[in-house]
Amino acid sequence: MPSATCTAFAGNRLIASGAPSEVVAVVKAAYDAGDAVLVFDDADARPVEFDLRGDLAAVLARLPVEPVEKRGPGRPRLGVTAREVTLLPRHWDWLASQPGGASVALRKLVENALREAEGPDRVRHSREAAYRFMTAVAGDQPGYEEATRMLFAGDWVAFDAAIKVWPSDVRDYARRLAEGSWRNGRGAP
């Protein structure tokens, strides 16, 4: 599901950033002026496509509406959703013997797994987003190959040196997307 914000580029120039309903007007104007525009989801740098046919009112009317969350069984105020889980009998026996029962034990196991995976997942998502953007917008920039290698090596200092001569909007957005990737800290831009 797309994030709540996106960023639009016309060539190497950032032209808009914010909620899709705010960005689309600037994108439509640039498109109508003949600019090639790329829009990226700020969460993962996946392309965001707007149907730009017609006037601005028609474009805005075609924007996807946030889905309304359906309420079902469970504890809706807590955000609890009932789902089926299939386990072996020995797993059910162990869960039943835990304080608070199976539901509490499963929630604790999942929370612990989420905490353990947080760092590696954040790094992977950050690197993938930065790479996706860099490939789309900066593939012809000097130092692109070195920047890509340093991104995946987790070396902030070398990455920053490799993108130093890039256009400022492209450089700043690549830095922002890559922010969670660094093993050697983050220097001042």
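Rounded if a/c is under 1.5, else prolate if a/b is larger than b/c, else oblate: which is segment 80-165, with a ≥ b ≥ c the root eigenvalues of its Cα gyration tensor?
It comes out prolate by the Cα gyration axes.
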Between Ala29 and Leu60, the two model label points (7 Å from Cα along the beta-carbon direction) sit apart by a distance in nm of 1.3
Summed over the other residues with a beta carbon less than 11 angstrom from that of Val48, with K and R at +1 and D and E at -1, the charge totals -3
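Where a number appears in this text, it was derived from the coordinates with a stated rule and is not lab data. No experiment lies behind these values; they were computed from the predicted model shown. Neighbour counts run over all protein chains shown; Cβ positions are idealised from the backbone, glycine included.
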